[in-house]
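Since every read-out is calculated from the coordinates, none of them should be taken as a lab result. None of these values were measured; they are calculated from a predicted model. FYI the Cβ positions are ideal-geometry reconstructions off the backbone, even for glycines, and counts take in every protein chain you see.
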Amino acid sequence: MKTTFEAASFAEMLRYADRTDWLLLLLGVICCCITGAIAPLGSVLFRGITDTLIAGQRDYVDGSLDYSLFAENMSYYSWLYFGLGVIMFLVSDISMSCLFTVCQRQVHHIRKHFFSAIMKQDMEWFDHNEVGALTHKMSAGIDRIKDGMGDKCGVLLQACASFVSGIIIGFALSWKMTLVMLIIVPFVVASLYASAKVLAHASRKEMSAYSAAGAIADEVFGGIRTVMSFNAQTFEIDRYDMIILLFL
């Protein structure tokens, strides 16, 4: 029996979330947006530092450098840069902690309900579903859910917020240059979308392959004495490779 997989939405993966999970998720999303929104400000502050250095070099060559003013400007931008870094570190740490906690809680519930659902099946169901494949789904399969719900969501939110904030700051500082740079945005988005579709398709095929291969490995290790007595090691290795190549 060939197992088919349907893509689950993010809301479906949060079906077991309670009030605590939703509050943590809300706090994590807000902190991710704040982190991403203030990230482009680092470039603005770095611009101020660069302008101060260039102006100081020019005044030094002319012999009109005001050392106290130069030091004051450098200290001003340096402290702002330092403060921005501290804020980003704290807010980013809070966001990732919240999202990781929500992810771990959901994975725990999914594992528990998955195991409970398996235990409620009749014997005929186990004739079509190998124990090794089920074990692989409980481990590697749910780990993929963890990868998709954890820090990667936070990174995506930060990137989106940083993109929007960067465009706003860009139009505020130099709208002509921003328009020129926006020309390449559709091509970047299209390439990222195509890459995501390819990776999702490859991930589904990989999961099917290793689930079937895990069932064979469980069968072989469970009857290893029989395999050794018939000298069937090479046969089982070839069968394992064939299953992986068949799905991939």
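Extension gain for Gln57 to Phe221 (0.36 nm times residue separation, less C-alpha to C-alpha distance): 51.7 nm. What is the sum of charges around Ala55, taking Lys and Arg as +1, Asp and Glu as -1, for the other residues whose C-beta is under 12 Å from the C-beta of Ala55? Surrounding charge for Ala55 is -3.
Of the residues Gly28, Gly85, Gly154, the one that moves most in a GNM of the chain with alpha-carbon contacts below 10 Å is Gly85.
In a simple Cβ point-charge model (Lys, Arg +1; Asp, Glu -1; nothing else charged), the chain has a dipole of about 420 debye relative to its Cα centre. Most tightly packed first, judged by the mean number of other beta-carbon atoms within 10 Å of their residues, the peptides 45-51, 56-62, 203-209 read 203-209, 45-51, 56-62. Which one of Ala117, Ala212, Ala37 has the biggest mean-square fluctuation once the chain is modelled by GNM with Cα springs under 10 Å? Fluctuation is largest for Ala117. Build a GNM of the chain with springs between Cα atoms under 10 Å apart, and of Leu99, Leu14, Leu53 the one that fluctuates most is Leu53.
For the chain, complete DSSP H runs whose alpha carbons reach 27 Å or more along their own long axis and whose mean Kyte-Doolittle score is -0.5 or higher are 19-38, 41-62, 67-119, 151-182, 185-222.
Model label sites at Ile142 and Glu72, defined 7 Å from Cα along the beta-carbon direction, differ in position by 6.3 nm. A simple spin-label model places the labels of Met13 and Ile38 2.8 nm from each other, with each point 7 Å out along Cα-to-Cβ. The alpha-carbon of Lys205 sits under 20 angstrom from the alpha-carbons of these lysines, leaving out residues fewer than 8 places away in its chain: Lys2, Lys137, Lys146, Lys197. Counting neighbouring beta carbons within 10 Å and listing from fewest to most, the residues Lys146, Lys152, Lys120 come out as Lys120, Lys152, Lys146.
With the simple spin-label model, which puts each label point 7 Å out from Cα in the Cβ direction, the Phe115 to Ser195 separation comes to 3.8 nm.
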